[in-house]
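The values are calculated or read from the model by the stated rules, or taken from the named source; none is laboratory data. The shown structure was predicted, so the numbers you read here are calculated from the model rather than taken from an experiment. Cβ: placed from backbone, ideal geometry, glycine included. Neighbour counts: every protein chain shown. Only protein heavy atoms, including side chains, enter the accessible area calculation; ligands, DNA and RNA are left aside. Shrake-Rupley method; radii C 1.70, N 1.55, O 1.52, S 1.80 Å.
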Amino acid sequence: MARKQKRTEEIGDEIHLRGCIELQLLNGFTGEPVGERIKHNTVVTAGRRWVLEKIGSFSNQTNSINAIAVGTSTTAPATGDVALGSEITASVGRLTIGTFTTTNLTSNPPSWEASVLFATNQATGTLGEAALFNTSAATAGTMLSRVTFSTIDKSTSNTLAISYTISN
């Protein structure tokens, strides 16, 4: 992978893990409520790391993120997206990422990273979008994340390295 440049863009969508507990004290004879409490709780760093670890878990292949796809659309992503705007499917379509390990998972703050190198004969064209999926089958599966960017003209004389980070 090429050396990473300092990220200056603001992070996009966020998932805030939240918890809540409801406690209800009941009369042992009548079952009537005697008192109740509702408290919000803290989802700890180790728990957030565990959630991110499940993204790349191969214990259940259909529930793991295992592919990066690229396409030509530059239409802004929306939370309702389920596919790339114009995925490149001529050649490889989606490229399956190599073996996932938790070595790419950091603990504090929790973040998970996947990377792929598209060869000279893969993903050629004017690229403007990328996404993470749970399958390498083109136009199938569940999309986790989508991004658009200023177009890149990739020809057969270039390779393309992509590193995708999900963090909390």
Candidate set from the stretch 11-25 (those that are open to solvent by 90 Å² or more (accessible area, probe 1.4 Å) and part of a strand (DSSP E or B)); member that is modelled with the lowest pLDDT: GLU22
Within the stretch 61-98, take every residue that is modelled with pLDDT under 75 and not in a loop (DSSP other than H, G, I, E, B) and give me the one that is least open to solvent (accessible area, probe 1.4 Å). ARG94
The residue that is nearest to VAL43 (Cα to Cα), considering only those in the stretch 123-161 that are modelled with pLDDT under 85 and among the β-branched types (Val, Ile, Thr), is THR135
Could you pull out the residue among THR151, THR135 that is open to solvent by 40 Å² or more (accessible area, probe 1.4 Å), of a type in the set (Ser, Thr, Tyr) and in contact (Cβ under 8 Å) with a residue 12 or more places away in the chain? THR151
Consider only pairs whose beta carbons are under 9 Å apart and that are at least six residues apart or on different chains; among these, list those whose first residue lies in the stretch 28-53 and is at negative phi and open to solvent by less than 50 Å² (accessible area, probe 1.4 Å) and whose second residue is assigned to a loop (DSSP other than H, G, I, E, B) and basic (Lys, Arg). VAL43/ARG18
Kindly evaluate PHE58 against the criterion of being more than 28 Å from ILE152 (Cβ to Cβ) and modelled with pLDDT of 85 or more. no
